[in-house]
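Just below is one structure, and these are the notes that go with it.
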Amino acid sequence: MELAHNAELIPTAVEEILRWASPVTHIGDTTAMRLKDKVAIVTGAASGIGRSVAQVFAREGCHLTLVDINEAGLNETLAGLSGVEAVAVPADVSRSEDVQRAIGQTMDKYGRLTTMANCHGISLMEDTRIVDVLEEVFDRTIAVNLRGIFLMCKYGVPALKRSGGGAIVNLASAAALSGGGGTSYTASKGGVTALTRAIAFQNAAEGIRCNSICPGPVDTPMLQISMKKLGLTTMTSRPGTIPRIAQPEEVAVLITFLVSDEAAFITGAIYTIDGGATQH
Ligand SMILES: NC(=O)c1ccc[n+]([C@@H]2O[C@H](COP(=O)([O-])OP(=O)(O)OC[C@H]3O[C@@H](n4cnc5c(N)ncnc54)[C@H](O)[C@@H]3O)[C@@H](O)[C@H]2O)c1
C-alpha cells in the first residue's frame, strides 16, 4: 500500500480513509468460544486494536484484565463488555511498578494468567527523520513501544509459567519491515519483532508461545496521527494488494487465532496483516 503526499488535506483525507475502509461484519464464528476459561491481559485496551481485542476475546469466553494509560477510555471499553469477568487497571506500561501491579492484580483476581495481547503503542508527531528527531522523542517511543513489551513479558512470563503455559502476541508494525514509520517508531517495532523471537526461543519447551504481528494501516486514532506526522492525506493501493485499510477487528481476529489452542505449534513467527503490501 502506498501513501501519497499532500500537506494540506488531513481532515478530508481521514474522512476519505474511513469511507474507504470497508466495514467488517462477519468475522469469526461467534459460537466457537475459542478462548473459553482463559485469562488475558490486554494492553492498549482503551482504544483501537486493543479495544477490539478485548471485545473479541470476551466474545470468545476469555476473562480479562484491561490495561492502558488512558483511564477514561479503559472504562469505556470495560462498560462495553459482557459475559466474562473483566477488570480495568490504569497503568503506564513503560513503568516497571505499574506493569508488576497489573500482573499482580490479575493473579490475585483470577489465580492464573494464560494469555497476553500487548497492543499499546505511541507514534509521536515529533518522531521525524534521523537527523532531526529529538533524543527525548526517541527515548519515550522506545520506552513505551519496546520497554513496555519487555516489561510485560519479563513479569508476565513467570505468571504464565505458574499457570501451566500460555501465549503472547506483541504488536509490531509493517514499519519494522519497510522503514516508513518514522525513526523511533520503526526502530521500536523492529525491536519488538526481535524481542518476541528471543522470548519464543527461550520458552518454547515450557509451553509458552510468543508471536508478533505487523499490521499495515489500520483504521484507529493512531493512523490519523501517523498520517499527519508524515504529511499524508490519501492512500492508494499498489497492484496486487487489497485496496483498502484494515479494520481493528480484522487484526483482533488474527491475535485471537494466535493465542488460541488452534495455533499450538506457532511460535516465534512474525505475521503480516497488510493486504499484501509488504509482499510485493
Ligand atoms: N493503526 C495502525 O495503522 C497500526 C499499524 C501498525 C501497528 N500498529 C500498532 O498497533 C498497536 C495498537 O495501535 P492502535 O492503532 O490501536 O492505536 P491507538 O492509539 O488507538 O491505541 C494505542 C493505545 O495504547 C495506549 N498507550 C499509549 N501509551 C501507553 C502507555 N505508556 N501505557 C499504557 N498504554 C499506553 C493508548 O492510550 C491507546 O489506548 C500499537 O502498538 C501500534 O503501534 C497500529
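Laboratory data are not the source of any read-out in this text; all were calculated from the coordinates shown. The structure displayed is predicted, hence computed values, not measured ones. Every residue, glycine among them, receives a Cβ derived from its backbone with ideal geometry; neighbour counts consider all protein chains shown.
Observations on the structure shown:
- Highest-MSF residue in the chain out of Gly231, Gly268, Gly216 [GNM, Cα springs under 10 Å]: Gly231
- Cross-link pairs Lys109/Lys189; Lys38/Lys228; Lys154/Lys228; Lys36/Lys161 - those with Cα-Cα distance over 28 Å: Lys109/Lys189; Lys38/Lys228; Lys154/Lys228
- Debye log10 I(q)/I(0) for the stretch 120-198, one point scatterer per Cα, at q = 0.15, 0.17, 0.19, 0.24 Å⁻¹: -0.53, -0.64, -0.76, -1.06
- Entry for the stretch 94-166 at q = 0.20, 0.23, 0.27 Å⁻¹: log10 I(q)/I(0) = -0.81, -0.96, -1.19, Debye formula applied to identical alpha-carbon scatterers, no solvent contribution.
- The magnitude of the dipole of the stretch 116-210, with charges of +1 and -1 set on the Cβ of Lys/Arg and Asp/Glu and taken from the Cα centre, is near 540 debye.
- Projected label distance in nm at Thr236 and Asp139, using a 7 Å step from Cα toward the beta-carbon: 4.2 nm
- Sorted by Cβ neighbour density within 10 Å, fewest at the top, the residues Val253, Val87, Val259, Val131: Val131, Val87, Val253, Val259
- From least to most packed, judged by other beta carbons within 10 angstrom and beginning with the fewest, Ile245, Ile273, Ile225 follow the order Ile225, Ile273, Ile245.
- Karplus-based coupling profile of the stretch 259-273, in residue order and whole Hz: 8, 7, 5, 5, 9, 4, 9, 10, 8, x, 8, 10, 9, 8, 9, with θ = phi - 60° in 6.51 cos²θ - 1.76 cosθ + 1.60 and x standing for Gly or Pro.
- Estimated FRET transfer efficiency (Asp108, Ala264; beta-carbon r; R0 35 Å; 0.05): 0.80
- Close amide H pairs (under 5 Å, H built 1.01 Å from N) link Arg209 with Gly166, Ala167, Ile168, residues at least 5 positions away or on another chain.
- Rounded D (µm²/s) - the stretch 178-280, Kirkwood Rh over Cα pairs, Stokes-Einstein at 37 °C, 0.692 mPa s: 216 µm²/s
- Over all pairs of different C-alpha atoms in the chain, the reciprocal of the mean inverse distance, the Kirkwood hydrodynamic radius, equals 18.8 Å.
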